[in-house]
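Worksheet for the structure shown next.
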Amino acid sequence: EAGITRPRGYNVSFHCNPDMEQHHFGQTHPMKPWRLTLSKSLIYSYGMSFAMDNYISRAATYEELASFHSTDYLDFLGTVLPEPIPRDLENQNPDLKFNLGGSDCPLFEGLYDYCSLSAGGALDAARKITSKQSDIAVAWGGGLHHAKKAEASGFCYINDIVIAVLELLRYYPRVLYIDIDVHHGDGVEEAFFSTDRVMTVSFHKYDPNNFFPGTGALEDNGPKSEHNPGAHHAVNVPLNDGITDEQYGWLFDKVIGQIVDKFRPGAIALQCGADSLAGDRLGRFNLQVQGHGACVEYCRKMNLPLILFGGGGYTPRNVARAWTYETSIAIGCQDKLDPLLPPHAPWRDHFRHETLFPTLEQILGEPRQNRNTQKRLTEIVQHVTEQLRFVEA
Ligand code: TV1
Ligand code: CA
Ligand code: ZN
C-alpha cells in the first residue's frame, strides 16, 4: 500500500480512541475533537497503519488521574453536569469552581469520559515506551498542557502529559519535555517546578497582556529558592508573531542540542500543538508543515525513547496535515508519501474547497508579518547557554 512498510527492529505505536473524538465543546468553541478523526483518516489513507502497532486506548482510571490531580477536583469533574448557560451570562465572570464552566473550559456532555480517554491514550503510550515495545509512541489525543493539579485552564481539564511523564519517571532518571504549541506549556512546567528529573522547554508566543496564558518569560526558569532542585530546569523561549521555519529550526537545534548534551535525558516527551502553524485560528506564527515536522525529525534523530502528544490546533485541515506528516516522520516513511492528498478518502470533502488538488504540505492561511529579529533569537540562545551552567546531569 503506497510502498509504506514497517521498518525492521523499530516500532511505532499509535494510540487513539474514536469515542474521544465525538465530544463537543460547543458550536463556536475553537477546540474541535473531530480534528483527531480527520487526522486519523488522512494517516490511514496514506497506508501508515500497516507500519505501526495500532491501539484503541482505554480510559485512564481514577487512581491514574489522581497520580497528578487532587481528588477534590476529580470528584467534582466526575459529578458536574452540563448546565445550559444563559447567553448573556456566558462571557461574564461567574464564580467558577476549579475554573470549570466558563467559555474556555465549558462543561459538556461526557466531559469526564473525554478527559479520561485523553489521559488513557497518553498513559498507554508511556507504558509502550517503558516496556520497550515501542521506540516512538504517538498519542495525538493528548497534549493538554494547561491543566493544573486542581484547576482546568485553556481548554485543558486533565494534564495527560504530566500523568505520562510521571509514568516515564518510574523507569528513566531524567525526562526532557519539549512543547512546540504556540501557547506556553504552563501546567507541565508548574507540575515539575521542584524536581531536577524533568526539564521542561516551551517555545511560544509571549505577550503577557495580550496572549494566553501570559507566562513563560525568558527569565522564568523555575523558583530560585535555595533548596529547590528544580531551579533552572524550566526553559522558556518567548517569541513574537510571524516566526518562520528557518528561524524556528535554527532556535530549536541550538536550544535542544545544548539541553540534550547537558541534561542527558533518558526519554523525550514532545507536545506537538499544531496551533504554531501559519493560518491557525488562534496562533500567530508562520510555521509550515515542514518546519513544524522538523522538530519531530530532530527529536527522532536523538535516538531516545519518544512520545509524541497532540495539543492545540484550530484549523482542522492543517492540524491533520501536520500530524499526518509527523506520524510519517515517526515511521520514517516521509519521503514515500505522495505530495497530493490521497483521492477518494472519506475526508476528501473537507479539503475539496481549498483547491482542486490539495497537497499534504501546502497549508491554508496568509503569512503574518515576522516580528522576530536575529538579534533577539541570539539573545535567547545565549540566555539558555548561561542557564545551563547551573544544570548538572
Ligand atoms: C468559546 C467560544 C470559547 C469561542 C475561546 C482564544 C472561546 C477562545 C471562543 C479563546 C476563542 C483563548 C483566554 C481570556 C483567559 C482567556 C490545547 C482572561 C477566538 C492547548 C487555550 C487558549 C489554548 C485560551 C490551549 C485562551 C492550547 N484564546 N473563542 N480562548 N481569559 N483564553 O485568552 O494551548 O492550544 O477565541
Ligand atoms: Ca509551547
Ligand atoms: Zn495552544
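Which of the following residues is assigned to a helix (DSSP H, G or I), of a type in the set (D, E, K, R) and modelled with pLDDT of 95 or more: ARG35, ARG58? Of the residues listed, the single one that is assigned to a helix (DSSP H, G or I), of a type in the set (D, E, K, R) and modelled with pLDDT of 95 or more is ARG35. The sole residue among ARG368, ARG376, ARG300 that is over 23 Å from the mean Cα position of the chain (by Cα) and farther than 24 Å from PHE25 by Cβ is ARG376. Looking at segment 283-299, can you tell me whether even one residue there is closer than 22 Å to ALA137 by Cβ, in contact with an Asp or Glu (Cβ under 6 Å, 6 or more places away or on another chain) and within 15 Å of ligand 2 (Cβ to nearest atom)? For segment 283-299, residues closer than 22 Å to ALA137 by Cβ, in contact with an Asp or Glu (Cβ under 6 Å, 6 or more places away or on another chain) and within 15 Å of ligand 2 (Cβ to nearest atom): present. Answer yes or no: is there a residue in segment 144-166 that is surrounded by fewer than 24 Cβ atoms within 10 Å (Cβ to Cβ), under 24 Å from TYR298 (Cα atoms) and in contact with a Lys or Arg (Cβ under 9 Å, 6 or more places away or on another chain). No, segment 144-166 contains no residue that is surrounded by fewer than 24 Cβ atoms within 10 Å (Cβ to Cβ), under 24 Å from TYR298 (Cα atoms) and in contact with a Lys or Arg (Cβ under 9 Å, 6 or more places away or on another chain). The condition (being surrounded by 20 or more Cβ atoms within 10 Å (Cβ to Cβ) and modelled with pLDDT under 95) is satisfied by just one residue among LEU356, LEU341, LEU270: LEU341.
Could you tell me whether segment 344-357 includes any residue that is aliphatic (A, V, I, L, M) and assigned to a loop (DSSP other than H, G, I, E, B)? Spell out how you get there, then give the answer.
First, the residues of segment 344-357 that are aliphatic (A, V, I, L, M): 345, 356.
Filter once more, so that each one left must be assigned to a loop (DSSP other than H, G, I, E, B): 345, 356.
Yes, some residue in segment 344-357 is aliphatic (A, V, I, L, M) and assigned to a loop (DSSP other than H, G, I, E, B).
Please go through segment 172-190 and give me each residue that is within 15 Å of ligand 1 (Cβ to nearest atom) and more than 13 Å from the chain's Cα centre (by Cα), ordered by number. Before the answer, list the steps.
Kept after step one, since they are within 15 Å of ligand 1 (Cβ to nearest atom), are these residues of segment 172-190: 177-190.
Scanning segment 172-190 gives GLU189, GLU190.
Among the residues of segment 1-18, the one identified as over 16 Å from ALA137 (Cα atoms) and either touching a strand residue (DSSP E or B) at 6+ places or on another chain (Cβ under 9 Å) or within 16 Å of ligand 3 (Cβ to nearest atom) (or both) is PRO18. Within segment 107-131, the residues that satisfy the criterion of being touching a residue at least 12 places away in the same chain (Cβ under 8 Å) and either on the phi > 0 side of the Ramachandran plot or assigned to a loop (DSSP other than H, G, I, E, B) (or both) are LEU107, PHE108, GLU109, GLY110. Within the bounds of segment 287-304, is there any residue that is out of contact with any helix residue (DSSP H, G or I) (no Cβ under 9 Å at 6 or more places or on another chain) and modelled with pLDDT of 95 or more? Yes, there is a match, as at least one residue in segment 287-304 is out of contact with any helix residue (DSSP H, G or I) (no Cβ under 9 Å at 6 or more places or on another chain) and modelled with pLDDT of 95 or more.
For segment 200-215, give me each residue that is over 16 Å from the mean Cα position of the chain (by Cα) and buried (at least 16 other Cβ atoms within 10 Å of the Cβ). First the steps, then the outcome.
In the first step, residues of segment 200-215 are kept if they are over 16 Å from the mean Cα position of the chain (by Cα); the result is 206-211, 214-215.
Scanning segment 200-215 gives TYR206, PHE211, THR215.
Sub-7 Å Cβ pairs linking a first residue in segment 364-393 that is within 19 Å of ARG264 (Cα to Cα) to a second residue that is among the polar types (S, T, N, Q) and at pLDDT 95 or above, at least 6 apart or interchain, are VAL384/GLN258; THR385/GLN258; GLN387/ASN221; LEU388/GLN258, ordered by first then second residue.
Would you confirm, using the coordinates I've provided, whether PRO223 is under 22 Å from GLU386 (Cβ atoms), surrounded by fewer than 17 Cβ atoms within 10 Å (Cβ to Cβ) and in contact with a Ser or Thr (Cβ under 9 Å, 6 or more places away or on another chain)? Spell out the reasoning first.
Working: under 22 Å from GLU386 (Cβ atoms): yes; surrounded by fewer than 17 Cβ atoms within 10 Å (Cβ to Cβ): yes; in contact with a Ser or Thr (Cβ under 9 Å, 6 or more places away or on another chain): yes.
It is true that PRO223 is under 22 Å from GLU386 (Cβ atoms), surrounded by fewer than 17 Cβ atoms within 10 Å (Cβ to Cβ) and in contact with a Ser or Thr (Cβ under 9 Å, 6 or more places away or on another chain).
Of all residues in segment 318-338 being crowded, with 21+ Cβ neighbours inside 10 Å and not hydrophobic (A, V, I, L, M, F, W, C), which is nearest to ILE4 (Cα to Cα)? Checking each candidate, the answer is SER328. Of all residues in segment 276-296, those satisfying the criterion of being assigned to a helix (DSSP H, G or I), more than 11 Å from ligand 1 (Cβ to nearest atom) and not β-branched (Val, Ile, Thr) are GLN290, GLY291, HIS292, GLY293, ALA294, CYS295. For segment 297-323, filtering for residues that are within 16 Å of ligand 1 (Cβ to nearest atom) and either touching a Cys at 6+ places or on another chain (Cβ under 7 Å) or not small (Gly, Ala, Ser) (or both) leaves 10.
The values are calculated or read from the model by the stated rules, or taken from the named source; none is laboratory data. Note that the structure is a prediction, hence the values are computed from the model and not measured. Reconstructed Cβ throughout: ideal geometry from the backbone, glycine too, with neighbour counts over all protein chains shown.
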